[in-house]
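Data block below; observations after.
The values are calculated or read from the model by the stated rules, or taken from the named source; none is laboratory data. Everything numeric in this text was worked out from a predicted model, so none of it was measured. Every residue, glycine as well, gets a Cβ built from its backbone with ideal geometry; the counts of neighbours run over all protein chains shown.
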């Protein structure tokens, strides 16, 4: 193995990439626009929820309740007749329908505890539970406040002070931006290395390399370092310019620690890219395989759904994927400001998985390289 | 007609025709009249515009400027093209480029027969006849990909002749085909013409020696016509003995000046040491014998030629010599040392130039040379000098900063050779280095080779198709079907077979080799055997707006191809199932088993009671108590705790005294949607605890609150994520994969070249599109059934509504999805772009704007408009309506209409944007 060969072949990869306009556009898009739009397009959990109210009371209290539903959490409520409620829920026009019964205010003031019906379209699972909670709170607050003003009641003695740590406003923007960055790091590193290998194969230049005094290990290492460097640089730019600058997301932890972890993660994913490049015989096949690989990695690595909410078997299998550990690490460092003392187990796991992937890819690359030419 | 050699009416007439590809001119102001009922040859090297001219004549490419008249009409007029295309047959350049490699011989011809509206009996008769007369009858079930080059071209001819054309356009039909097959091919054409004297044939060829057979020649160079005449006329005009020298004589003065005849000094006498030796070299791929016990030895400084057809094993033999392929059997030596793939020292002594141009097109000429110099370990001190020497010797100094793609083929070949020579190897292995290069550049290349061999003593092992190049070699080996038939100096070979030319000698050897197996060349008539030929031509000429048979023909072929492509088929059949499993198990909005711990400063029975009330819920799991703030901070940072509760000192005492106390709760906000849910749970439990405390203290009224909100979670009472997710995921998957496959099906044809068949056959756009769409609609419905099965069995999502309604909706929806894929395919050029383009263009609106995660009613602005138009929105409504809400047609008809209306709009747009000609 000669370091000079690895260096020069890597430089060659970088030069090739500079001339590949499509790839450059993809990199630029993935690390700027995609992150920006993922951050801003992701609505808050309860945002503009559609609610309809059947007001059968028509009292000052019921009017107060209707007025209490305000954007951004709720759309201004539609006041509808009772018989329209079911149809509107059926066709998905409303997610919530609140029925205020006749004589509601009178019963409340008389302490008769009137029943109020809240219908929730539970197929909208993302809004259903949180929304119902909000509605109950809003109604209770309005009623209590109304009653208290008229009767001067004492307050409840025990309060609950809720604070969200690391993201006090529970802004989806912070979450969306960083998760998109993580996903795009994985996606691009696989695409770049896999495509670099397949491009050589389609142009017949692999054959060319093989008749020169260059070993497969040198070829593979040159692609790994050059493409990893590109993704690492793009990540740094994206983190500082787009996420911290443009989106003003506060990054808590050490960016140096995060970027080191990215470098380690790239070692694993670029190896994966090489492996995929040896399996696929053409760009189109590579593209199809990529879809079947990337979606599970994105969805099952704990970024989209917390790992404890997955079936145990799935969660256990996903421990073999480097992305699982990388997502845990990235969340700890970037959201919670964790340091090396906290995330070293993840770093160790990524290194171990990366080494296995690298070895497997090299083995397969050596075996198939002769048939590539 | 001035010459008197052609028919009365020209079959094609071009006036003032120009054509350019992205500002690079391919044809410049061509005026040409092609006589009818003749065999017309277009001669000239690659890249001079022959193919462009033929594709214009065949109607495959749109006319840019000037006028092209074929068969008495203007080819720029779509109606004339539609009318005359059944009378024209076009075979594009490249071995089997318009064939479908995974389809068998029969299926290929059958497909074309169907396109021309022939019925089953007629097709059978014609196919039997055509295959019998071309000698393909024995291989009728063999896939086109597994045919030899000569057989592929014969199959292409069968496909072209199935509809008895009046004009046959053949673009380099014999390039890369062995001499015997070549001769058979031309004999076949001669017989066909004898049968159908009215048929005109226009052929392009780069082999000057073939051109002698044609009635009429058009010599082309650099997008212009050099001369038109009979072969004899051309020779007479230039005063040359053969057409190749005649062609060079016709070139403009400045091109000709570069040309000098190749003179190769005789090989110096005396025995030279052996440079390359092969003994019993054998290569098997599976049960296919690519190279069969090949032996030879080549002396130092010798030019050794390898002659044979494409696929006869030349390239494989060369790869074994370079160590690229380890032989299955046998052994090779370079300078007496066995070839070993791992031996870096041998690689430094060999220069290899592969068949296709295989340098880095993204690097400039200099960068390519420098990179290779570095990889060969040339010391830095010598590097610059060596690169300069190569630039000088191979005459590349002027183009040193150009990219290879911008260079003419001749320059590129010289660059390849320069790269192969950068490390001063003693052996050069050159695999068809002059394919497609013009005669002047080819001779220049050979002068360099002669110099290297005779002055520098470099051993040259070269393969070629050109007989005049073979004659320049010191010795040649004739190769056929993996075996070397003979090895001798060229003159000796011709003498041994008593042949006039080397080509005749080669054919003699080939015939001898093939004799035992060969079914004698059939003497049957080729056409006119099917009585209905004329009537078929007649009916095919009638324009039809829509012909179901052609649609079905495309659909059938698409299905056959898909069945033989494992990766696409896998994706089509189980791709959506795999993704459904991933999403079903992976995206879960139920929040359970959240870890929490308590920092209890009070440690009273009451504070323990508060803790127990949370620990008792199925949502939370209690962890070891928090010892202090540092512990709280550490455990929240590494994600061990999702919730931390802090109970203040004197909690119980203060409550007893009626003093206000606050309990602190910290939620891990790293994942906002989960944090929202936790917040909801904690608030609920806190209220619940307060109520219980109040009740125990006898303050019942206050505990129960002033209003009783009865929350009914409709359709999904347990608010289970799966029940809600699955009916939304099915529409997503039925959009993504069918759209992608439909887009690929069209873009694949564009990329591989078989789209030409759509350009030059009577198929209309709508027939083509619907034919492409049909198999994917069927596949998508199979997927729909699989996904429904998975939903109700494995995921146990209850299905409450009308199965008929959702099935009908799914059918309309997948028609929309595939139509959308076809629409996307009209502006995608490569398959990889089609894959990613379709993914982005279908996923974003389907996931974000169609109500899968957030209801469309909650969206704003453009997202909401897209959501209301996009078919996924409506299918999600129907899917959720039937799955969870127990609805049927009567409740959901409002969601059917938008989808039904989308189908003709999408297909109409696609038909409008799809080109019927190459541009």
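When the range B:463-487 is limited to residues that are surrounded by fewer than 19 Cβ atoms within 10 Å (Cβ to Cβ) and out of contact with any helix residue (DSSP H, G or I) (no Cβ under 7 Å at 6 or more places or on another chain), the one that is nearest to residue B:444 (Cα to Cα) turns out to be B:474.
Scanning the range B:378-400 for residues that are out of contact with any helix residue (DSSP H, G or I) (no Cβ under 7 Å at 6 or more places or on another chain) and modelled with pLDDT of 85 or more yields B:379, B:380, B:381, B:382, B:384, B:385, B:388, B:389, B:392, B:398.
Counting only helices (runs of 4 or more DSSP H) wholly contained in the range A:24-104, the ones carrying 2 or more residues that are assigned by the TED database to the domain that holds residue A:244 occupy A:34-41.
In the set (1) modelled with pLDDT of 90 or more; (2) at the interface with another protein chain (Cβ under 10 Å from one of its Cβ atoms); (3) surrounded by fewer than 17 Cβ atoms within 10 Å (Cβ to Cβ), residue A:81 fails one condition alone, (2). In the set A:296, A:311, only one residue is in contact with a helix residue (DSSP H, G or I) (Cβ under 7 Å, 6 or more places away or on another chain), closer than 30 Å to residue B:666 by Cα and at the interface with another protein chain (Cβ under 8 Å from one of its Cβ atoms); that residue is A:311.
Condition check ((1) surrounded by fewer than 22 Cβ atoms within 10 Å (Cβ to Cβ); (2) in contact with a strand residue (DSSP E or B) (Cβ under 8 Å, 6 or more places away or on another chain); (3) without any contact (Cβ under 8 Å) to a residue 24 or more places away in the chain; (4) in the same structural domain as residue B:183 (by the TED database)) across all residues:
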site	(1), (2), (3), (4)
B:307	no, yes, no, no
B:318	no, yes, no, no
B:334	no, yes, no, no
B:361	yes, no, no, no
B:367	yes, no, yes, no
B:377	yes, no, no, no
B:383	yes, no, yes, no
B:386	yes, no, no, no
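Table: residues versus (1) surrounded by fewer than 22 Cβ atoms within 10 Å (Cβ to Cβ); (2) closer than 24 Å to residue B:917 by Cα; (3) over 19 Å from the mean Cα position of the chain (by Cα).
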{"site": "B:788", "(1), (2), (3)": "yes, no, yes"}
{"site": "B:799", "(1), (2), (3)": "yes, no, yes"}
{"site": "B:806", "(1), (2), (3)": "no, no, yes"}
{"site": "B:813", "(1), (2), (3)": "no, no, yes"}
{"site": "B:822", "(1), (2), (3)": "no, yes, no"}
{"site": "B:836", "(1), (2), (3)": "yes, no, no"}
{"site": "B:839", "(1), (2), (3)": "yes, no, no"}
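Report whether or not residue B:20 is buried (at least 19 other Cβ atoms within 10 Å of the Cβ), modelled with pLDDT under 90 and either under 24 Å from residue B:235 (Cβ atoms) or touching a strand residue (DSSP E or B) at 6+ places or on another chain (Cβ under 8 Å) (or both). It is false that residue B:20 is buried (at least 19 other Cβ atoms within 10 Å of the Cβ), modelled with pLDDT under 90 and either under 24 Å from residue B:235 (Cβ atoms) or touching a strand residue (DSSP E or B) at 6+ places or on another chain (Cβ under 8 Å) (or both). If you go through the range A:329-340 and keep only what is facing chain B (nearest Cβ under 9 Å) and over 13 Å from residue A:175 (Cα atoms), you end up with A:337, A:338, A:339.
Applying the criterion of being facing another protein chain (nearest Cβ under 9 Å), in contact with a helix residue (DSSP H, G or I) (Cβ under 8 Å, 6 or more places away or on another chain) and over 20 Å from residue B:677 (Cβ atoms) to the residues of the range B:650-664, the residue that is surrounded by the most Cβ atoms within 10 Å (Cβ to Cβ) is B:651.
Could we say that residue B:499 is modelled with pLDDT of 80 or more, farther than 23 Å from residue B:146 by Cβ and surrounded by 20 or more Cβ atoms within 10 Å (Cβ to Cβ) here? When the stated conditions are applied, residue B:499 does not pass them.
Determine if the range A:307-324 includes at least one residue that is buried (at least 24 other Cβ atoms within 10 Å of the Cβ), closer than 22 Å to residue B:640 by Cα and within 18 Å of the chain's Cα centre (by Cα). Yes, the range A:307-324 has at least one match.
Residue count for the range A:131-159 satisfying the condition of being in contact with a strand residue (DSSP E or B) (Cβ under 9 Å, 6 or more places away or on another chain) and either more than 7 Å from chain B (Cβ to nearest Cβ) or modelled with pLDDT under 80 (or both): 7.
Is it the case, given these coordinates, that residue B:692 is farther than 27 Å from residue A:131 by Cα, in a helix (DSSP H, G or I) and out of contact with any strand residue (DSSP E or B) (no Cβ under 6 Å at 6 or more places or on another chain)? Considered against the rule, which asks whether it is farther than 27 Å from residue A:131 by Cα, in a helix (DSSP H, G or I) and out of contact with any strand residue (DSSP E or B) (no Cβ under 6 Å at 6 or more places or on another chain), residue B:692 comes out as no. Put simply, of B:264, B:225 the only residue that is outside any loop (DSSP other than H, G, I, E, B), touching a residue at least 60 places away in the same chain (Cβ under 8 Å) and in contact with a strand residue (DSSP E or B) (Cβ under 8 Å, 6 or more places away or on another chain) is B:225.
Taken over the range B:392-409, the criterion of being within 14 Å of chain A (Cβ to nearest Cβ) and more than 12 Å from residue B:369 (Cβ to Cβ) is satisfied by B:402, B:403, B:405, B:406. When residue B:47 is tested against the conditions (1) in contact (Cβ under 8 Å) with a residue 12 or more places away in the chain; (2) outside any loop (DSSP other than H, G, I, E, B); (3) crowded, with 16+ Cβ neighbours inside 10 Å, the lone failure is (2). Kindly indicate whether residue B:77 is out of contact with any helix residue (DSSP H, G or I) (no Cβ under 8 Å at 6 or more places or on another chain), closer than 20 Å to residue B:228 by Cα and surrounded by fewer than 19 Cβ atoms within 10 Å (Cβ to Cβ). No. Within the range A:354-368, residues that are more than 12 Å from residue A:276 (Cα to Cα) sit with their Cβ atoms under 6 Å from residues that are surrounded by fewer than 20 Cβ atoms within 10 Å (Cβ to Cβ), at 6+ positions apart or across chains, in these pairs: A:366/A:216. Scanning the range B:622-649 for residues that are surrounded by 22 or more Cβ atoms within 10 Å (Cβ to Cβ) and either without any contact (Cβ under 8 Å) to a residue 12 or more places away in the chain or not assigned by the TED database to the domain that holds residue B:612 (or both) returns a single hit, B:637. Screening residue B:723 on (1) at the interface with chain A (Cβ under 8 Å from one of its Cβ atoms); (2) over 17 Å from residue B:787 (Cα atoms); (3) surrounded by fewer than 24 Cβ atoms within 10 Å (Cβ to Cβ) shows it passes everything except condition (2).
Filtering the range B:306-321 to residues that are touching a helix residue (DSSP H, G or I) at 6+ places or on another chain (Cβ under 7 Å) and more than 27 Å from residue B:344 (Cβ to Cβ) leaves B:307, B:308, B:309, B:310, B:311.
Cβ-Cβ distances below 6 Å connect the following pairs, each with a first residue in the range B:436-458 that is over 19 Å from residue B:258 (Cβ atoms), a second residue that is buried (at least 22 other Cβ atoms within 10 Å of the Cβ), and a separation of six or more residues or different chains: B:452/B:458; B:453/B:303; B:453/B:460; B:458/B:428.
Answer yes or no: is there a residue in the range A:198-209 that is touching a helix residue (DSSP H, G or I) at 6+ places or on another chain (Cβ under 7 Å) and closer than 20 Å to residue A:2 by Cα. Yes, the conditions are met somewhere in the range A:198-209.
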